[in-house]
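First the structure, in the form of structure tokens, and then the observations on it.
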Amino acid sequence: MALYSEKVMDHFRNPRNVGVIENADGVGEVGNAKCGDIMKIYLKIDNDTISDVKFETFGCGSAIASSSMATELIKGKPVADALKLTNQAVTEALDGLPAHKLHCSVLAEEAIKAAMKDYYDRHGIAYDESLFPAEHDCESCEV
């Protein structure tokens, strides 16, 4: 069995939604140079729907693939669906990640949630704090 699935390799070689959204409605950045992966997600939200999403990721192939897949999973979806995105859903959509790379899918989930939190904060929208996890603990990462 190959270490990486065809989907991981495809999203690494041909990442979707790469870039910056100027005047984004929400921006989330997670990660740490210590663990080697930093993800930044930009959201454009219209009528409670994610009309556009872009990412910038500094990290390994699994981090890039996770960012790419996560953006594909929320683009065009209602805001409520983006908040429900889990790292497990990202991993499943990529047909799996090696155990030592699962933290990349966690970062993708956290980056989207950080961007959503930023959107709510910028627009004065009340939200449940429990929807947004604490920052990623890079101590648990295997680099």
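Considering only residues that are in contact with a strand residue (DSSP E or B) (Cβ under 8 Å, 6 or more places away or on another chain) and assigned to a helix (DSSP H, G or I), look in the stretch 71-80 and name the one that is modelled with the lowest pLDDT.
Initial filter on the stretch 71-80 (in contact with a strand residue (DSSP E or B) (Cβ under 8 Å, 6 or more places away or on another chain)): 71, 74-79.
Cutting the leftovers down to assigned to a helix (DSSP H, G or I) gives us 71, 74, 79.
On the way: T71: 98, I74: 98, V79: 95.
Taking the candidates together, the pick is V79.
Step by step: first the residues of the stretch 25-50, then only those that are farther than 18 Å from I74 by Cα and hydrophobic (A, V, I, L, M, F, W, C), then the one that is surrounded by the most Cβ atoms within 10 Å (Cβ to Cβ). Which residue is that?
Looking only at the stretch 25-50, we keep the residues that are farther than 18 Å from I74 by Cα, and these are 31-38.
Next, from what is left, pick out any that are hydrophobic (A, V, I, L, M, F, W, C): 33, 35, 38.
Working: A33: 9, C35: 20, I38: 17.
So the residue we want is C35.
Kindly indicate whether any position in the stretch 30-42 is more than 17 Å from L85 (Cβ to Cβ), without any contact (Cβ under 8 Å) to a residue 40 or more places away in the chain and under 11 Å from the mean Cα position of the chain (by Cα).
Taking every residue of the stretch 30-42 in turn, at least one turns out to be more than 17 Å from L85 (Cβ to Cβ), without any contact (Cβ under 8 Å) to a residue 40 or more places away in the chain and under 11 Å from the mean Cα position of the chain (by Cα).
Given (1) farther than 21 Å from V20 by Cα; (2) under 10 Å from the mean Cα position of the chain (by Cα), where does A63 come up short, assuming only one miss?
(1)
Give the residue, chosen from E56, E72, E92, that is of a type outside the set (K, R), closer than 14 Å to A115 by Cα and surrounded by fewer than 23 Cβ atoms within 10 Å (Cβ to Cβ). Show your work before the answer.
Working: E72 fails: closer than 14 Å to A115 by Cα; E92 fails: closer than 14 Å to A115 by Cα.
Unique residue meeting the criteria: E56.
Within the stretch 1-23, which residues are of a type in the set (A, V, I, L, M), within 23 Å of K77 (Cα to Cα) and without any contact (Cβ under 8 Å) to a residue 40 or more places away in the chain? Break it down stepwise before answering.
Restricting attention to the stretch 1-23, the residues satisfying the condition of being of a type in the set (A, V, I, L, M) are 1-3, 8-9, 18, 20-21.
Of the ones still in play, those that are also within 23 Å of K77 (Cα to Cα) are 8, 18, 20-21.
Within the stretch 1-23, V20, I21 qualify.
Among the residues of the stretch 95-116, count how many are touching a residue at least 12 places away in the same chain (Cβ under 8 Å), assigned to a helix (DSSP H, G or I) and surrounded by fewer than 18 Cβ atoms within 10 Å (Cβ to Cβ).
Taking the stretch 95-116 first, the residues touching a residue at least 12 places away in the same chain (Cβ under 8 Å) are 95-98, 100-116.
Restricting the remaining residues to those that are assigned to a helix (DSSP H, G or I) gives 100-116.
Checking the rest, the ones that are also surrounded by fewer than 18 Cβ atoms within 10 Å (Cβ to Cβ) come to 100.
So the count comes out to 1.
The values are calculated or read from the model by the stated rules, or taken from the named source; none is laboratory data. No experiment lies behind these values; they were computed from the predicted model shown. All Cβ positions, even for glycine, are placed from backbone atoms using ideal geometry, and neighbour counts span all protein chains on display.
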